1. Of all residues in region 15-34, count the ones that are in a loop (DSSP other than H, G, I, E, B) and within 22 Å of Y77 (Cβ to Cβ).
2. Within region 53-81, can you find the residues that are among the basic types (K, R) and either assigned to a loop (DSSP other than H, G, I, E, B) or exposed (fewer than 13 other Cβ atoms within 10 Å of the Cβ) (or both)?
3. When the residues of region 1-23 are narrowed to those that are over 10 Å from the mean Cα position of the chain (by Cα) and either under 21 Å from C62 (Cβ atoms) or basic (K, R) (or both), which ends up surrounded by the most Cβ atoms within 10 Å (Cβ to Cβ)?
4. Please name all residue pairs, on different chains or six or more residues apart, with Cβ atoms under 6 Å, provided the first residue is in region 65-81 and is within 14 Å of P25 (Cβ to Cβ) and the second residue is of a type outside the set (V, I, T) and at pLDDT below 95.
5. Which of the residues spanning region 24-37 are loosely packed, with under 13 Cβ neighbours inside 10 Å and either of a type in the set (S, T, N, Q) or more than 19 Å from R13 (Cα to Cα) (or both)?
6. Kindly list, by first and then second residue, each pair from a residue in region 17-29 that is touching a residue at least 12 places away in the same chain (Cβ under 8 Å) to a residue that is surrounded by fewer than 18 Cβ atoms within 10 Å (Cβ to Cβ) and among the hydroxyl-bearing types (S, T, Y), limited to pairs with Cβ atoms under 6 Å and residues at least 6 apart or on different chains.
7. Would you mention how many residues in region 35-52 are touching an Asp or Glu at 6+ places or on another chain (Cβ under 9 Å) and assigned to a helix (DSSP H, G or I)?
Amino acid sequence: MGNQFRCPCCGYRTLARPEALELCPVCWWEDDGQEDEDASEVRLTVNGALSLTEARTHFAQCGAAHPRFLPYVRRPYSLEM
């Protein structure tokens, strides 16, 4: 596991590179470079109509960036914490 970058949604170290449109297997957020500064914006790109703020709220409630992603997510590995 060479992942050293934290997912901006769930916070786990699941990303090999930041802002590389990499999909986080823990929450299913696709890292498009959105961060705290613009977390409430809906970019309508790879994450559809979800803002990072909404995705974080969903993750806190159900364990995925959106409930529809629940079949695809997994628990974080100890090295990702």
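1. Residues flagged as in a loop (DSSP other than H, G, I, E, B) and within 22 Å of Y77 (Cβ to Cβ) within region 15-34 amount to 13.
2. R68, R74, R75, listed by residue number.
3. So, considering only residues that are over 10 Å from the mean Cα position of the chain (by Cα) and either under 21 Å from C62 (Cβ atoms) or basic (K, R) (or both), the one surrounded by the most Cβ atoms within 10 Å (Cβ to Cβ) is R13.
4. Partner pairs satisfying both residue conditions: L79/M1.
5. E37
6. That search, which allows pairs on different chains as well, returns W28/Y72.
7. 1
The values are calculated or read from the model by the stated rules, or taken from the named source; none is laboratory data. Being a predicted model, the structure only gives us computed values, none of them experimental. No Cβ is skipped: glycine too gets one built from the backbone with ideal geometry, and neighbour counts run over all protein chains shown.
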